[in-house]
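Engineer: Got a structure for you, questions after.
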Amino acid sequence: MAKVLMKGNHALAEAAVRAGCRFFSGYPITPQSEILEYMSWRLPEVNGVFVQTESELAGISMLYGAASCGFRTMTSSSGPGFSLLQEGISYLCSTEIPTVIADIMRYGNGLGDIKPAQSDYLQITKNGGHGDYRCISLAPSTIQEAVDLMSKAYELAEKHRNPVIIATDGALGQIVESVEFPDPLQHDPDQFEWSLKNIREGKHKIVTSKIYYDYIGKDYDNHIRERYDAMKKEELWEEYFAEDAEVILVSYGIVSRCCKEAVLTARENGWKIGLIRPITLWPFPVKAFRKITPKAFIAVEKCALPQMAEDVAMAARGIAPVYSMTTGSFIPSGEEIVSFAQRVMDGKEAEL
Amino acid sequence: MTKELKTPTLIYTANTFCPGCGHGIISKLLALVLEELGIENKSTGAVAVGCACLLPESFGCDWIQAQHGRAPAVAAGIKRVRPNNFVFTYQGDGDAGAIGIAESIYAAKRNEGITTIFVNNGVFGMTGGQCAPTTLEGQKTTTTQAGCDYRYNGKPLELAELLASFDVGYVARGSVCNFKELWKTKEYIKEAVQCQLEGRGYSFVEVLAPCPTNWKMTPVESMKRIEDIGMKYFRCGVLKGGAE
Ligand SMILES: Cc1ncc(C[n+]2csc(CCOP(=O)(O)OP(=O)(O)O)c2C)c(N)n1
Ligand code: SF4
């Protein structure tokens, strides 16, 4: 298919439809509403189901029902709406039902503001709901990458029987870029042994947590550990001039693009900076840190308090000190990042 | 009337409700109806928490564990992708009338093609007998220890009347306090199921039921309480969509 110009949110929705998504239920909130709007006309075209629900709580609940039937499903939200999805995400993890959820992050606590942000990092990666679970989280940095990751998101969700979160932000959701779509996939909802079917198969099925079948607890505990150990093997990242770098920036999503600019600017001036760009936020790509020995790591993220920086600190243990550059309300320029790195090298910034 | 309530094969083992609990009787009525209509193989229920969540341990249709209060949304999600299945929710008064009232109302507002069996026992059973949206004046619960006072708690929620105000397929309220009422309730459940099978939209049956454990009464006293007090406040009958 030829390249087309498309808004990030629309492209994400189209990519989901092409990956076989046939059910979307959700609630409007800026800057994700275009996903909902696009799905409202696009899904009926392919005999899919779109429902604008009374709340995000109901949206994820309805999705939970449809996903339990083996269908590829999606919901999306942002900010306070993403918080309301957490109840459902915890249930989807406990009942081991795959789905894809997009968080088009906005800035601030409470109602906050519609500006792009990366401040749901901890909520996305460290189980934002109750209990202990994780969701594989994919963080594209371009619209094309978001499109390319969509079928991968469903594959990972179904392989591990767990929700997958696509983590983007208001900037990636709103900008327009040229993009090429893959051919549409056919998804057979009846291929799974675990799903609810049209006719009861032999013994009846209960979509519920394994915890009710193991009253001693040991098997359940190990089952949970094994599930998430298996997911941990799915690390994905990009290295950009990382091998020989004196300073390594660690950054994802829209901000990683500013970091690439910083790397090029520094290198033009003969200073070797590099970048590790996590594509999976969870599992965090710790393997990327094993074979490099810079003098410092700098986590660059668009939030007010260090969030991903904590994971960078864990991954960089014993390798080099970690610094945190949080840009809050602002998208940083390459030059600002380079001058922060310069201050780090001059000993003017405190270690995290 | 000495019609016997035979045990349906859908109930594959003894239930674990307390003796004299309304859930045991109501689930049996539902199972009988599903078998009479020959849809026991294509029925899926959404149950959340409350004593209702014990149902899948004795009732052999397919089930999904919904979040507290969200069963109507979960069931609607199933029904929309599996329109030929019979999809129902089975909910207590805390579940459908308190935390999940938005989901209850919106199932009716969108006239989702699902059926709700709503068990009104006037308390939160599973959590130990707290005040529910349906608790009656003067009723002692663990959170209204001096008796429920309408001035503080408001009057009991009439969910059947509320949902009947929407453009839905069928709404009725029954009781299981004696055999006469019980057979009527079975008919209400059957009409509700048929409403869904015929594609006439959302159907809802509220059932006044005893919770002897938390009412601190014997099963016989509990049934009498429903007849003498419960049915005076909550009027039984078909509220919408019936033949009457
Ligand atoms: C979000 C949430 N809040 C609270 C609970 C605790 N809880 C479990 S059952 C229940 C009450 C259920 O009462 P009701 O729906 O009336 O059902 P019954 O047990 O009387 O059949 C509550 C509050 C929960 N499981 N989830
Ligand atoms: S606590 Fe009440 S509602 Fe629950 S099983 Fe016992 S009698 Fe039934």
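Engineer: Working only within the range A:20-36, note down all residues that are farther than 22 Å from residue A:157 by Cα, open to solvent by less than 10 Å² (accessible area, probe 1.4 Å) and aliphatic (A, V, I, L, M).
Structural biologist: None - no residue of the range A:20-36 is farther than 22 Å from residue A:157 by Cα, open to solvent by less than 10 Å² (accessible area, probe 1.4 Å) and aliphatic (A, V, I, L, M), so the list stays empty.
Engineer: Taking the condition of being within 13 Å of chain A (Cβ to nearest Cβ) and surrounded by 24 or more Cβ atoms within 10 Å (Cβ to Cβ), how many residues in the range B:96-107 meet it?
Structural biologist: 4
Engineer: Do you know which residues across the range B:30-53 are farther than 27 Å from residue A:61 by Cα and within 16 Å of ligand 1 (Cβ to nearest atom)?
Structural biologist: none
Engineer: Same structure again: What helices (runs of 4 or more DSSP H) completely inside the range A:40-139 contain at least 2 residues that are within 14 Å of chain B (Cβ to nearest Cβ) and either surrounded by 23 or more Cβ atoms within 10 Å (Cβ to Cβ) or under 16 Å from the mean Cα position of the chain (by Cα) (or both)?
Structural biologist: Details: elements: A:56-68, A:79-84, A:86-95, A:121-125.
The qualifying helices (runs of 4 or more DSSP H) are A:56-68, A:86-95.
Engineer: Check off (1) more than 14 Å from ligand 1 (Cβ to nearest atom); (2) over 21 Å from residue B:240 (Cβ atoms); (3) of a type outside the set (Val, Ile, Thr); (4) surrounded by fewer than 24 Cβ atoms within 10 Å (Cβ to Cβ) for residue B:77 and give me the number that stays unchecked.
Structural biologist: (4)
Engineer: Is it true that some residue in the range B:111-121 is closer than 23 Å to residue A:58 by Cα, crowded, with 24+ Cβ neighbours inside 10 Å, more than 14 Å from chain A (Cβ to nearest Cβ) and acidic (Asp, Glu)?
Structural biologist: no
Engineer: Does residue A:228 fit the bill of being assigned by TED's automatic domain parsing to the domain that holds residue A:307 and surrounded by 14 or more Cβ atoms within 10 Å (Cβ to Cβ)?
Structural biologist: no
Engineer: Could you please give the count of residues in the range B:108-130 that are within 13 Å of ligand 2 (Cβ to nearest atom) and either touching a Lys or Arg at 6+ places or on another chain (Cβ under 7 Å) or within 23 Å of residue B:227 (Cα to Cα) (or both)?
Structural biologist: Residues flagged as within 13 Å of ligand 2 (Cβ to nearest atom) and either touching a Lys or Arg at 6+ places or on another chain (Cβ under 7 Å) or within 23 Å of residue B:227 (Cα to Cα) (or both) within the range B:108-130 amount to 9.
Engineer: Let me ask something additional. Just to be sure I understand, how many residues within the range B:124-138 are touching a strand residue (DSSP E or B) at 6+ places or on another chain (Cβ under 9 Å), more than 7 Å from ligand 1 (Cβ to nearest atom) and open to solvent by less than 20 Å² (accessible area, probe 1.4 Å)?
Structural biologist: 3
Engineer: Would you confirm whether any residue within the range B:105-123 is among the aromatic types (Phe, Trp, Tyr), modelled with pLDDT of 95 or more and within 16 Å of ligand 1 (Cβ to nearest atom)?
Structural biologist: yes
Conditions tested, residue by residue: (1) buried (at least 22 other Cβ atoms within 10 Å of the Cβ); (2) more than 7 Å from every other protein chain (Cβ to nearest Cβ); (3) not aliphatic (A, V, I, L, M).
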| position | (1), (2), (3) |
| --- | --- |
| B:38 | no, yes, yes |
| B:41 | no, no, yes |
| B:50 | yes, yes, yes |
| B:57 | no, yes, yes |
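Engineer: Can you find even one residue in the range B:12-30 that is open to solvent by 10 Å² or more (accessible area, probe 1.4 Å), within 16 Å of residue A:205 (Cα to Cα) and at the interface with another protein chain (Cβ under 9 Å from one of its Cβ atoms)?
Structural biologist: yes
Engineer: While we're looking at this one, here's another question. Test residue A:200 against the criterion of being in contact (Cβ under 8 Å) with a residue 24 or more places away in the chain and out of contact with any Leu (no Cβ under 7 Å at 6 or more places or on another chain), and give yes or no.
Structural biologist: Judged against the criteria, residue A:200 is not a match.
Engineer: Would you mind telling me which numbered condition in (1) open to solvent by less than 90 Å² (accessible area, probe 1.4 Å); (2) in contact with a strand residue (DSSP E or B) (Cβ under 7 Å, 6 or more places away or on another chain) residue A:241 fails?
Structural biologist: (1)
Engineer: For the range B:190-244, give me each residue that is within 16 Å of ligand 1 (Cβ to nearest atom) and outside any helix (DSSP H, G or I).
Structural biologist: B:204, B:205, B:206, B:207, B:208, B:209, B:210, B:211, B:216, B:217, B:234
Engineer: Which of the residues spanning the range A:205-225 are in a helix (DSSP H, G or I) and open to solvent by 90 Å² or more (accessible area, probe 1.4 Å)? Working first, answer last.
Structural biologist: Taking the range A:205-225 and keeping what is in a helix (DSSP H, G or I), we get A:210-213, A:218-225.
A:210, A:212, A:213, A:218, A:219, A:225, listed by residue number.
Engineer: Next question, about the same structure. Which ones in the range B:126-171 are at positive phi and within 18 Å of the chain's Cα centre (by Cα)?
Structural biologist: B:129
Engineer: Do you know which residues across the range A:161-204 are open to solvent by 20 Å² or more (accessible area, probe 1.4 Å), more than 14 Å from chain B (Cβ to nearest Cβ) and not hydrophobic (A, V, I, L, M, F, W, C)?
Structural biologist: Correct list: A:161, A:174, A:177, A:178, A:180, A:182, A:183, A:184, A:186, A:191.
The values are calculated or read from the model by the stated rules, or taken from the named source; none is laboratory data. The structure displayed is predicted, hence computed values, not measured ones. Positions of Cβ are generated from backbone atoms using ideal geometry, with glycine treated the same way; all protein chains shown enter the neighbour counts. Each accessible area value is taken on the protein alone, full model and side chains, heavy atoms only, with ligands, DNA and RNA left out. Shrake-Rupley method; radii C 1.70, N 1.55, O 1.52, S 1.80 Å.
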